[in-house]
Amino acid sequence: MSKAITFSEYGTPEVLRLSQVTAPEPGPGQVRIRVRAASVNPLDMKIRSGLMAGAVPAHFPVVPGLDAAGVVDAAGVVDAVGEGVDAAVGDEVLGATAGGSYSEYALLERPVVKPAALSWEVAASLVTVGRTAFRVLAQLGVRKGQTLLVHGAGGSVGVIAAQLAVTRGITVITTVGEHDIERVTALGATAVRYGDGWVERVRTAAPQGVDFVLDASGAGVLADSVALTGDSARVITIADMAAAQHGVRFSAGSTDQVEDALPQLVELAADGTLTLPIWRTYPLEEAATAHADLEAHRNRGKAVLLP
């Protein structure tokens, strides 16, 4: 038996409970790890609340969580290996989980080796947000020499997308909160304050015009973003459910995920090219507090559970 966070009904963070569960057994293409860090993602809260019940129906009890990095003990080994996995006992790995990550043990599919230079917290946090950023840039088709506007670059997906674009020779303009301007500017983007007047501030920052827009904020910016680019096909959102009203693509899921995204993200993070702010870590039993903090928008970076 091992400890895990579970919920047996939809609801507020208080439905999350510390429980005793049976450690999962790895199947083909999986490894079982002793979790050292588990990322808390907004999707976790949508699933827990029931907002995603139509798309992701729960089979209670549910162990939440999408991403993890782990070892069996302080020395760091994978403690069981399923069939068809390019990993060996003794590897330190990260990846997407099958069956949840808020647990002492979790199953990873297509695990990626964690470099020694990468912290456990960042390793666990890169997976979903990094793949999402990678995916939407591919969907937009933005190229070297073009200009990309990123709304919500203070958040995890936005800040990774901005950095990836900068490394590809793309001019990046971002809208962020006042408290994030200095941090995002240091990453190679031009940051302007979001809120009333953001269109004029973007036009001043990008007199050459804006070729593409990524909305990671969901702050009602789609109409003006379409006007800036002159074409709704050049705008994509991961956060605004009103996308269809503006003819804008809503990017979700992993059906068109770039297969080699995670190894590239890991390499960039390990050599310092890519940074992902970690706001706070929590012990496993404080998962409900982590959910409440994120739902109240207290965070300035990723929240991570440490089982």
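Read-outs: derived from the displayed coordinates by stated rules, not from any lab. Predicted model, so just to flag it, every value in this text is computed and none were measured. With ideal geometry, Cβ positions are generated from the backbone for all residues, glycine too; neighbour counts draw on all protein chains shown.
Could you line up 174, 185, 132 from fewest to most neighbouring Cβ atoms inside 10 Å?
185, 132, 174
When the distances between all Cα atoms of the stretch 140-287 are binned every 5 Å from zero, what whole-number percent does each bin get?
Computed distribution, short to long bins: 2, 9, 19, 22, 21, 14, 8, 3, 1, 0, 0.
Please work out the C-alpha center-to-center distance from the stretch 166-244 to the stretch 1-38 and express it in whole Å.
Distance between centres, Cα-based: 37 Å.
Summing -39500 (n - 2.57) over the DSSP H runs of n ≥ 4 in the chain and dividing by its residue number, what mean residue ellipticity at 222 nm do you reach, to the nearest 500 deg cm²/dmol?
That calculation yields -8000 deg cm²/dmol at 222 nm.
Can you find, among 27, 7, 122, the residue farthest towards the positive end of the dipole of the chain? Put +1 on the C-beta of Lys and Arg, -1 on that of Asp and Glu.
122
Would you indicate which of [x] 20.4, 62; [y] 19.5, 61; [z] 25.5, 110 is the value of Rg and Dmax of the Cα atoms in Å derived from the coordinates of this structure?
[y]
Arranged by the count of other C-beta atoms within 10 angstrom, fewest first, what order do 44, 91, 231 take?
Starting with the residue having the fewest Cβ neighbours, the order is 231, 91, 44.
Before anything else, pin down the relative contact order of the stretch 174-231: Cα pairs under 8 Å, at least 6 apart, normalised by residue count, whole percent.
Over the stretch 174-231, the number comes to 24 percent.
Please name which of 228, 303, 163 has its Cα lying farthest along the dipole of the chain towards the positive end, using unit charges on Cβ (Lys, Arg +1; Asp, Glu -1) and the Cα centre as origin.
228
Using only the Cα atoms of the stretch 137-186, construct the convex hull and provide its projected area averaged over every direction, in square nanometres to one decimal.
Orientation-averaged projected area of the Cα hull: 3.1 nm².
Taking the Cβ of each residue in 282, 194 as the centre, tally the other Cβ atoms inside 10 Å and list the residues starting with the fewest.
282, 194
What does the net charge come to around residue 111 if you take all other residues with beta carbon closer than 12 Å to its beta carbon, with K and R at +1 and D and E at -1?
-2
List the relative contact order of the chain as a percent without decimals, with contacts defined as Cα pairs under 8 Å and 6+ residues apart.
This gives 18 percent for the chain.
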